[in-house]
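The values are calculated or read from the model by the stated rules, or taken from the named source; none is laboratory data. Quick caveat, the model's predicted, so the values are computed rather than measured. Backbone-built Cβ (ideal geometry, glycine too); neighbour counts: all protein chains shown.
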C-alpha cells in the first residue's frame, strides 16, 4: 500500500559526503544483505587491511544478528579515505544496505498518511544544507515503499498517557497545537518550550474519552490560548539531586563508542563506570567521552555563556518542529513512549545541548558560545535519541519522569541557557 507522505517542508537536506554517518552508527543488516555483500567478493582487495573484517555477527544460532564491521578508528569497513562508500562506488546505491540508503530519513505511519522526519546526527540536517525536502518527494516515496509495512494504515496512534488514547485525527490536532506554539522564533525559546509542556499537562489531566473530534478542536483552542498567556517562572538552579540526574543524562548523550572502544572489553566498561561516577559527583575534570571534547572542569559549565544566538534559536526550533511534525518522538518511532512522555524526553535534549555547547566552547577557551557550538552539540546528542536501546529502558524512563516533575525540564533549560 502506498500512503501519501507528509514532508518537513521547513527542512533542506542533501548528502555532502562528510562520512559522519559511516563513523558514528552501527549498521545492522539483514541475512539477505549479508549474503549480497559476501557475493560481492571483497576478499583480497588491496585496500583491505590484514585481519580487518567486513562484517560481524552476534547472537546465538537461530537469533543471529549481522552488522557492518568498523575499522579501529570507528569508520565503517567500507568507508574509503575520501569519505565515500566502496559498495556504492563499485555496485551503485541500490547495492548498499537499506539502513545506509535511508539515512538520515525516518518514516512513521500516521493513520492514512506517512510522516517523514530526519536524524540531526547528520551535520547537513543541522545546518539545513541542500535542496528543499519537498523536491525529494519521488525518492522518498520509493524509500517509503521499502520500509513502511503494508498494514501501516491500520497501526494505532501513540497513547497520550499510559491509559489515555485518542484517534489519529485528534493526535494530529495535538501535534498541530504544539507546532503553533513552538514555531514563532520571535518569542523566547524557553517560554515556547514551557508552554508546550503546560498544554500537555492540561491535556493529560482532561477526560479525553469525553473530548473527541470537533470538541477536541475547541478544547485545544481554549488551552492553547490559556498557555500562551503564561509567563516563564523565575530562573532557579536545579536541585542537587536533579543536577546529578541531569549530568548522568548528559553523559549518556555525549558518548560515542567506536569499534576501538568496544574492543577494549572489560577495561573499556570499567572506564565507562568510573566516568559515570565522576559525572555523578560533578567535580574535577569532565571525562572526555569522545575526541571532540577537551579537558574542562565541571564548574566551568555553570556560569552564564551569553544569550542563545539567533541562528542557534532557529536551529533548535527547526529541530523540534521536524521531530514533532514527523512523529519522531513517541509511539513506535521512539520505544513505544506515550506522546506526553515522549515529548518530555525530546525536550530534555535541549538543556543537554546547551550543556554540551558550553563544554565545546570552554574546550576552546571561550566563555561565550557561538552558533557552531550548538550545531555540533545537537549532532552529538541526536545521534542517540530514539535509537540507542538504553534510552528505551525503564531506568531511562524513570530519569525522564524524575527530571520532568514539577517543572524540572523548564528549570534545566532556563539555567543552562540563561544569558546572565
Worksheet item: Which of (1) under 21 Å from residue 383 (Cα atoms); (2) in contact with a helix residue (DSSP H, G or I) (Cβ under 7 Å, 6 or more places away or on another chain); (3) at pLDDT below 95 is the odd one out, the single condition residue 55 does not satisfy?
Response: (1)
Discussion item. For segment 369-390, give me each residue that is surrounded by fewer than 21 Cβ atoms within 10 Å (Cβ to Cβ), in a loop (DSSP other than H, G, I, E, B) and under 14 Å from the mean Cα position of the chain (by Cα).
Written reply: 384, 387, 388
Discussion item. Going by what's in this entry, would residue 116 be described as under 28 Å from residue 317 (Cβ atoms), surrounded by 14 or more Cβ atoms within 10 Å (Cβ to Cβ) and assigned by TED's automatic domain parsing to the domain that holds residue 212?
Written reply: no
Worksheet entry | Matching option when the condition is touching a strand residue (DSSP E or B) at 6+ places or on another chain (Cβ under 6 Å), closer than 23 Å to residue 195 by Cβ, in a helix (DSSP H, G or I) and in contact (Cβ under 8 Å) with a residue 24 or more places away in the chain, among 340, 409, 349 | 340
Worksheet item: Would you say residue 140 is in contact with a helix residue (DSSP H, G or I) (Cβ under 6 Å, 6 or more places away or on another chain) and either modelled with pLDDT of 95 or more or not in a loop (DSSP other than H, G, I, E, B) (or both)?
Response: no
Item to complete: Give the number of residues within segment 278-313 that are touching a helix residue (DSSP H, G or I) at 6+ places or on another chain (Cβ under 9 Å) and either part of a helix (DSSP H, G or I) or assigned by TED's automatic domain parsing to the domain that holds residue 120 (or both).
Response: 11
Discussion item. Tell me which helices (runs of 4 or more DSSP H) are completely within segment 1-113 and hold 2 or more residues being over 23 Å from the mean Cα position of the chain (by Cα), or say none if there are none.
Written reply: 31-39, 86-91
Worksheet entry | So residue 340, is it at pLDDT 95 or above and either under 18 Å from residue 420 (Cα atoms) or buried (at least 24 other Cβ atoms within 10 Å of the Cβ) (or both) | no
Item to complete: Under 6 Å between Cβ atoms, at least 6 apart or on separate chains: pull out the pairs that start in segment 76-105 with a residue that is outside the structural domain of residue 66 (by TED's automatic domain parsing) and end on any residue that is crowded, with 19+ Cβ neighbours inside 10 Å and in a helix (DSSP H, G or I).
Response: none
Discussion item. Pairs please, first residue from segment 45-57 and within 18 Å of residue 34 (Cα to Cα), second anywhere and loosely packed, with under 13 Cβ neighbours inside 10 Å, Cβ atoms under 6 Å, 6+ apart in sequence or on different chains.
Written reply: 57/64
Worksheet item: So which of 247, 269 is in a helix (DSSP H, G or I) and at pLDDT 95 or above?
Response: 247
Item to complete: Scan (1) more than 22 Å from the chain's Cα centre (by Cα); (2) closer than 30 Å to residue 28 by Cα; (3) in a loop (DSSP other than H, G, I, E, B) for the single condition residue 145 breaks and write down its number.
Response: (3)
